[in-house]
């Protein structure tokens, strides 16, 4: 009934419409919200996969909303880069939704309708930001994903409210910067369409207004992705967020922001302006080095497992930003591959964290004691995720790190290479400490001394997604070359 | 551009902005912030952006001030004094603000002059909208045709943003299920209950129907004059909030139940997105209203665009009205939908 040409818009509008339906369904029966959100996200993932297959076969797809040609109307542009990111976002959101069942029932049984409506709308926002070819449309979707994100975090109660409030302030400043930047470009060119801007801007590269616009848009993206000196909001917001929320936002928010940075740099300003006209290439790589080293050191200092993971996110953001600004084929390939891999790795770790919170009602390191005996399958899956974070082959994390290191060597950015190796070392120390606690330290005996520890696995709705993601990490690693040759090599701007 | 007028407005805007930040009394700060919005509204009018001015007046100076007042009444009227590090934070804040302001000023040197007919914004896409709005859509108000048709996709998501705002307030403040009778009174004893004065009640009683009628006019006449679903929705919401303030919250909830409110909020955005999806089902692109002529009797594709816009404006109006009332009810009553303010 609906032609394949319409699939791009379905990726976004199916979850959008479903979200409102879920809200209404929740008034009738709260139990229906969960399957309804799975259906919506599943349909979105199916559309994203179909679109990605078409992009791989025939190249970039343009979709004109309302049938108005750009730059007068809003245009969806799906090329090799965002086709890949769309699949990742839709896939991660679906897995996070599947795993959310128990923790949502446990944390807010009365607010399931609100939770799933916001959850699906957040995914809509992320997908919409990824798919659009219009700089202002991106901002509107950024608002949706940000607002839903703040409220999903704040649903976690007292400390989450404070973390969420800080995040609102900082996040709003970030979004404002992006909007101001778009405003500068609009004043100078009269256009909001990215492809049109790419045509119009080169004549204006010498103006200060375009420079300030570029800096503002970049700063906005950096605040949103928690790039090192601007990361202050992230640890508290993500640590105290409810598990079901952090499983969705921790893998996706920062990665989509990195995607936006790449999109703005290469599809609005162009690689020539970013790497040749702007005199900040080396500086940004050093900022990335600071992010990697800083994030890793802060992670070492944590006694709280979930907070440790949030600082690792800060370090991983450094990987991707640094990789892009290495300004060579390897570095950008590595950064884009790392968007995919890091989303899946972070999903794996936060799914595990959700299980720990569900089972032990806490997320400090001592909550992990004795878990290897209690939950062997869960721990095995977690181990895969941890090995991938460290960068052990054949898990996915190794391959993107390998590309990034090659890029660093190629660009003679030895600081960046050293930071990557340092961070791998720190990750190894961190995760082996976690293994040690979970394997050797006995759980606190509740039922008297010497009782045999019974196997007490996580519920299936949480365990299966975790195991699937862990297997996915290995599959992703094994197929990373074909991922690069099918999608990523076309996403790297030509002439670098 | 009348520079004397602009100078006064900008000076007032600056004074209001500084005052609303530095006032220690949060109630006064909220009022001054409302005044700031009103000054901005004058500025938009002077620029000829009447639709924006309308929205700013209704939202910035109107309902958002009431939200602030409700929030202040339930938290604290005074700024909490900070014991240490105050100067340091102030210094950092001032330095950052000055630096960003300086950068923005430096960039503005490259901008085209005020109202320049040859500026890029006036010669690139705007002329296309101005010339083609009547032949394309039969809607004389260009702002409406840009917002609801050419860039209608953005407006759909903006309406969703409003929906999210309402839902977020409900998700954080709302209390479901375990509502206990005994937790309400203690908190509300301190809140001054307005509406004892029969003069205020009588005056509001007379005003409310006219406000609602005007709201419907603003909604329906958006194709031809400034206004539309957004402004109409806010005015409708204001009429309900007026009932709540002059009587009490229960009097308003008796007329607009919270459950229905949530239904209206969802329904509004569903009308918008549903219209888009209907175009999709009829074989056209999403939100391509012109295809609606196949199911609307005696309508050309061009008039179908005009009708499609009216449909989505009605959707916007529903959502905006319901969400504004919802936010007010939840902030004013601490999420209990009890009496408050």
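The values are calculated or read from the model by the stated rules, or taken from the named source; none is laboratory data. All values derive from a computational prediction rather than experimental measurement. Note that we place each Cβ from the backbone using ideal geometry, even for glycine, and neighbour counts take in every protein chain shown.
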Quiz item: If only one of A:314, A:321, A:268 is modelled with pLDDT of 90 or more and within 17 Å of residue A:418 (Cβ to Cβ), which one is it?
Solution: A:321
Practice problem: From A:152, A:141, A:161, A:147, grab the single residue that is closer than 30 Å to residue A:247 by Cβ, in contact with a strand residue (DSSP E or B) (Cβ under 9 Å, 6 or more places away or on another chain), assigned to a helix (DSSP H, G or I) and within 10 Å of another protein chain (Cβ to nearest Cβ). | Solution: A:141
Quiz prompt | Which listed residue, of A:139, A:150, A:178, is closer than 24 Å to residue A:23 by Cβ and crowded, with 17+ Cβ neighbours inside 10 Å | solution = A:150
Quiz item: If you check A:285, A:264, which single one turns out to be buried (at least 23 other Cβ atoms within 10 Å of the Cβ) and within 23 Å of residue A:405 (Cβ to Cβ)?
Solution: A:285
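For segment A:62-83, enumerate the residues that are in a helix (DSSP H, G or I) and either away from chain B (no Cβ under 11 Å) or buried (at least 23 other Cβ atoms within 10 Å of the Cβ) (or both).
Within segment A:62-83, A:65, A:66, A:80, A:81, A:82, A:83 meet the criteria.
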Quiz prompt | When residues of segment A:187-196 are limited to those that are within 11 Å of chain B (Cβ to nearest Cβ) and in contact (Cβ under 8 Å) with a residue 24 or more places away in the chain, the one surrounded by the fewest Cβ atoms within 10 Å (Cβ to Cβ) | solution = A:196
Quiz item: Any idea which of (1) farther than 20 Å from residue B:294 by Cβ; (2) within 12 Å of another protein chain (Cβ to nearest Cβ); (3) at pLDDT 90 or above is the one residue B:238 doesn't satisfy?
Solution: (2)
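Looking for whichever is in contact with a helix residue (DSSP H, G or I) (Cβ under 9 Å, 6 or more places away or on another chain), at the interface with chain B (Cβ under 10 Å from one of its Cβ atoms) and either under 28 Å from residue A:5 (Cβ atoms) or touching a residue at least 12 places away in the same chain (Cβ under 8 Å) (or both) here; the options are A:101, A:111. Which one fits?
From the options A:101, A:111, the qualifying one is A:111.
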Quiz item: Would you pick out the residues in segment A:212-238 that are at pLDDT 90 or above and either in contact with a strand residue (DSSP E or B) (Cβ under 7 Å, 6 or more places away or on another chain) or surrounded by fewer than 21 Cβ atoms within 10 Å (Cβ to Cβ) (or both)?
Solution: A:215, A:219
Exercise. Select the helices (runs of 4 or more DSSP H) contained entirely in segment B:72-175, then report the ones holding at least 1 residues which are within 9 Å of another protein chain (Cβ to nearest Cβ).
Key: B:86-108, B:120-123, B:126-137, B:152-173
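Table: residues versus (1) within 11 Å of chain A (Cβ to nearest Cβ); (2) in a loop (DSSP other than H, G, I, E, B); (3) surrounded by fewer than 21 Cβ atoms within 10 Å (Cβ to Cβ).
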| site | (1), (2), (3) |
| --- | --- |
| B:256 | no, yes, yes |
| B:265 | yes, no, no |
| B:269 | yes, no, no |
| B:274 | yes, no, yes |
| B:283 | yes, yes, yes |
| B:287 | yes, yes, no |
| B:292 | no, no, no |
| B:298 | no, yes, yes |
| B:313 | no, no, no |
